[in-house]
Structure formats: structure tokens, C-alpha cells
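The values are calculated or read from the model by the stated rules, or taken from the named source; none is laboratory data. Computed from a predicted model, the values in this text were never measured in an experiment. Note that each Cβ is placed from the backbone with ideal geometry, even for glycine, and that neighbours are counted across all protein chains shown. Keep in mind that these areas ignore ligands, DNA and RNA; they rest on the heavy atoms of the full protein, side chains included. Shrake-Rupley method; radii C 1.70, N 1.55, O 1.52, S 1.80 Å.
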Amino acid sequence: ATVRDLAGLEVVVSAGGTREPLDPVRFLGNRSSGKQGVALARAAADRGAHVTLVAAHLEVETEGLTVVRVETASELALAVESAAEVADVVVMAAAVADYRPATVSEAKIKKDDNGDALTLHLVKNPDILQGLAALGREGLTVVGFAAETAPSRDELLELGRRKARRKGADLLVVNSVGWAAGFGTDDNAVILLDSSGTIVGEAEGSKRQVADVVLDHVIALRS
Ligand code: C5P
């Protein structure tokens, strides 16, 4: 039987890819399937936590989980920040759009109005993870992800280290993504960094196995 070592903890997990509307029928999105985030939510629930899954676009089932559905980065921010107020652990596994269209057209954008090239004006979305970490709330453990396209492990680690220091999350889960790896796959391989960028662990296997190792580290950090 699974050890209920997260019993009594309030855990918030964000998962999936946000979609930023351009007009009523189009959006800017990403290839996140939500598999790693949903695996984390399931693992935490199996280990006794009370779990809220804040779900952007997913390609996996969420049966049995408590889910708050969102579409955009702004909606995800609102849902995560409100759930985080009473949380012990927040895991930001969602692939949040870094930019959103500056304006959303009320009518469908027409090629007749735009000639051979169309320029989209994008504005930066606030960084939810960085904001949560900056709160420095006593008792709140903040976990982030860094999906990077890096040609080697050393370069992946360097990108991860910089991100760990910039974001300030208690734990940063670094994984390599590309056309063939990461998003949408059933397996994952990750390096875990603390807020100073020091390697504290590694995990490889199914997304569920990786989820359990991440949660082991969350418990270690809190004790
Ligand atoms: O900077 P980057 O997008 O690679 O960082 C990834 C981490 O930051 C993930 O944990 C993601 O959920 C989070 N993030 C966020 N808000 C954003 C962009 C990313 O919380 N606007």
C-alpha cells in the first residue's frame, strides 16, 4: 500500500498548456500534454494530500481529481494564487504562456484586411512561480519546472541553474524538451535543483515515478 506521507497537506498543482486568444476562433498555445502535472496531482492524492489541480489545456484524464479549469495565463494566475493562500505546497507544472496578444480581436482576423504579412503584438504575462516564491510565506513550499531545449546535459544544467536563482522556487525540476522529447511523452528524465541552483536529486522513469521522487524531495525540504 502507498505510504500516506502527505496526509494533512493542502497541495495545489497546475498542469497543461495555457491558450491565449487572438480572436474568437484562434489562440497561441503550446505542446504541453499535462501528463507530468496530472501524474504529480495523482501521486500527491494517493499519498494522502488534499489536492487541487488547476488545469489549462490537457490531453489526459483527470477522473477522481478536484479540478479548476482555466484557459489563459491570467486565469491560471488567479486560480493558483487564490488556491495558494491556504496551500502547503504549490507545484507549477503548467506550461504558462510567457506572452499574450496585447489585444483580443472581437471579430475573426481576416486575411483580406492584412495583406501578405501579419504582425502580432504580444505583451509579457506576469511570472506566477516567481511571484509565489517572492512571497516567502512560512510553510509554503514552491516547486517549479524548467523545460529547456539544450544540446547537452551541461548546457541544460546551466540554463536550469540560472532559472533556479532567478525564480527562487524551493525546488526546480529541470527537463529537456524538444521535437521528440518531453511534451506528450510518457517518460521523463529530470534534474532537481534548489533555489541556489545546486543539484539535490535526479529522477528518470515514468512521469508517475518522477512525480513520486519530486514529492519525496518536497517532504525532505519541509522536515
Ligand atoms: O521561465 P519559464 O517559463 O521556463 O519557467 C517555467 C516555470 O515557471 C514553470 O514552473 C511554469 O509553470 C512557471 N511560469 C509561471 N508563470 C509564467 C511563466 C512560467 O509561473 N508566466
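If you go through region 188-196 one residue at a time, do you hit one that is of a type in the set (Ser, Thr, Tyr) and either in a helix (DSSP H, G or I) or open to solvent by 40 Å² or more (accessible area, probe 1.4 Å) (or both)? Walk me through it before giving the result.
Here is the first cut: in region 188-196, the ones of a type in the set (Ser, Thr, Tyr) are 195-196.
Applying the additional criterion that residues be either in a helix (DSSP H, G or I) or open to solvent by 40 Å² or more (accessible area, probe 1.4 Å) (or both) yields 195-196.
Yes: one or more hits.
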Inset, instruction - Considering every residue within region 75-89, establish whether at least one is of a type outside the set (D, E, K, R) and over 23 Å from residue 143 (Cα atoms). - result: no
Inset, instruction - Tally the residues that are within 14 Å of the ligand (Cβ to nearest atom) and either farther than 24 Å from residue 137 by Cβ or among the small types (Gly, Ala, Ser) (or both), restricting the search to region 59-74. - result: 3
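Among the residues of region 67-89, write down those that are in a loop (DSSP other than H, G, I, E, B) and charged (D, E, K, R).
We begin by selecting, within region 67-89, every residue in a loop (DSSP other than H, G, I, E, B); these are 70-72, 85-88.
Result: 71, 85, 88.
Please specify each residue of region 197-212 satisfying the condition of being open to solvent by 10 Å² or more (accessible area, probe 1.4 Å) and either of a type in the set (D, E, K, R) or within 16 Å of residue 93 (Cβ to Cβ) (or both).
Residues of region 197-212 open to solvent by 10 Å² or more (accessible area, probe 1.4 Å): 198-209, 212.
Result: 202, 203, 204, 206, 207, 208, 209, 212.
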Inset, instruction - Considering each residue of region 4-32, count those that are closer than 21 Å to residue 178 by Cβ and over 11 Å from the mean Cα position of the chain (by Cα), and give that number. - result: 4
Legend entry - Which listed residue is among the hydrophobic types (A, V, I, L, M, F, W, C) and over 15 Å from the mean Cα position of the chain (by Cα), from 41, 134, 56: 134
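Being of a type in the set (Lys, Arg) and under 26 Å from residue 104 (Cβ atoms) narrows it down to one residue among 42, 26; which is it? Steps first, please.
Values: 42 fails: under 26 Å from residue 104 (Cβ atoms).
Residue meeting the stated conditions: 26.
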Legend entry - Residues located in region 26-66, provided they are under 11 Å from residue 14 (Cβ atoms) and in a strand (DSSP E or B): 52, 53, 54, 55
Legend entry - Leading residue by the ranking (farthest from the ligand (Cβ to nearest atom)) among those in region 90-147 that are farther than 18 Å from residue 74 by Cβ, in a loop (DSSP other than H, G, I, E, B) and among the acidic types (Asp, Glu): 116
Legend entry - Residue that is within 14 Å of the ligand (Cβ to nearest atom), open to solvent by less than 40 Å² (accessible area, probe 1.4 Å), in contact with a helix residue (DSSP H, G or I) (Cβ under 9 Å, 6 or more places away or on another chain) and in contact (Cβ under 8 Å) with a residue 12 or more places away in the chain, where the choices are 172, 156, 215: 172
